[in-house]
1. Work from the charge dipole of the chain (Cβ charges, +1 for Lys and Arg, -1 for Asp and Glu, about the Cα centre) and give the residue of S3, G202, L160 farthest towards its positive end.
2. Here are labelled values, (1) 1.35; (2) 1.27; (3) 1.61, and one is the computed Cα Rg over 2.2 N^0.38 Å for what I pasted. Which one?
3. Give the long-range amide H neighbours of V63: residues separated by 5 or more places, or on another chain, with amide H under 5 Å away, using H modelled in the peptide plane at 1.01 Å from N.
4. Roll a 1.4 Å probe over the protein chains and send me the accessible area per residue for the chain in Å².
5. What's the ranking of 42-54, 103-115 by average number of surrounding C-beta atoms within 10 Å, highest first?
6. Where is the GNM fluctuation largest for the chain (alpha-carbon springs, 10 angstrom cutoff): F99, F199, F17?
7. Aspartates and glutamates within cross-link reach of K71: Cα-Cα under 15 Å, excluding same-chain residues under 8 positions apart?
8. What is the percent carbon and sulfur in the accessible area of the chain, measuring with a 1.4 Å probe over the protein chains and ignoring ligands?
Amino acid sequence: FGSMVTMFLSLFVIGVFMYVGYFVDKLAEEVEGQVTISAYIGDDADPATVYKVKEYIQDMPEVNFVIYISKEDAWVKFSETLSPEMAALVDPDILPAKFEIELADSQQIEQVAVRLQTYDSWRAIADNPFDPGESIKYSQKTVQSLFNFTNFMRILGIALIGLMVFIALVFVNNTIRLSILARRKEIAIMKLVGASNGFVRGPFIMESVLHAFLGSVLAIGALEIIRRYFLADFLASIQLFSVGISNQIVLYIYGALFAISILLALFGSFLSMRKHLKV
């Protein structure tokens, strides 16, 4: 019972960390996906050159898509953020046309900006032809800080799961060790009369695997109850982000928990019995 409860609690905590790690990763992806590049175009830019630059940007493997926003469309979009009184005080011609660039991999944002900055045709249409780089905006420092934070959260999630697996192994190892110590005289007698290591290990391994199986079933059952009856309402209440969790991911997490439980039982058994098999 102690071994089964230990396995249940350990796997339950590991499963919680897996869920948290999944949502942290999805949150990071969603935040990173909102990072775009705005490339501002001069008012006297040649339409043919504008089209050429747009095609050049779209052909970059790092770019998901690029949208051309005219001066008129830029003003309409901006005016929607203002009150009618404020909009009446602003010159509609003040905003330049621009490209809005969304990346397939937001981590490549700086490389895309540099490639565009050094493109000759871009220099010809940039809002600031004397310094084309100033016409490309993506908040470099903010973006880099964001990437550093999201990468840190991913690494932290993996480290926490690894830590919990290690703690579970220690608990399982100690529990099995106590069971073996209670039967150490029987093990010694079996070894002295010629029993093989496999013969002695067999019952302990089967017992450990059974405890691991029952503990994993309890952990998966508890996690599934939380997922079905509490998780969806919790995510909806905090309105953190829009992604849910698919059945495929759920099966992956539960399959991983089951595999971890069996591996912990097998490894813990072999580790615990090494000393007592040396007679």
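The values are calculated or read from the model by the stated rules, or taken from the named source; none is laboratory data. Predicted, not measured: the structure shown is a model, and the values here were computed from it. When we count neighbours, we look across all protein chains shown, and the Cβ atoms used for this are built from the backbone with ideal geometry, even at glycine. The protein model used for the area step is the full one, side chains on, heavy atoms only, and it has no ligands, DNA or RNA in it. Shrake-Rupley method; radii C 1.70, N 1.55, O 1.52, S 1.80 Å.
1. G202
2. Label of the calculated value: (3).
3. Distant-sequence amide H within range of V63: A104.
4. Using a 1.4 Å probe on heavy atoms only, each residue of the chain averages 59 Å².
5. 103-115, 42-54
6. Of F99, F199, F17, the most mobile in the Gaussian network model is F199.
7. Within reach: D43, D44, D46, E80, D91, D93, E100, D127.
8. 64 percent
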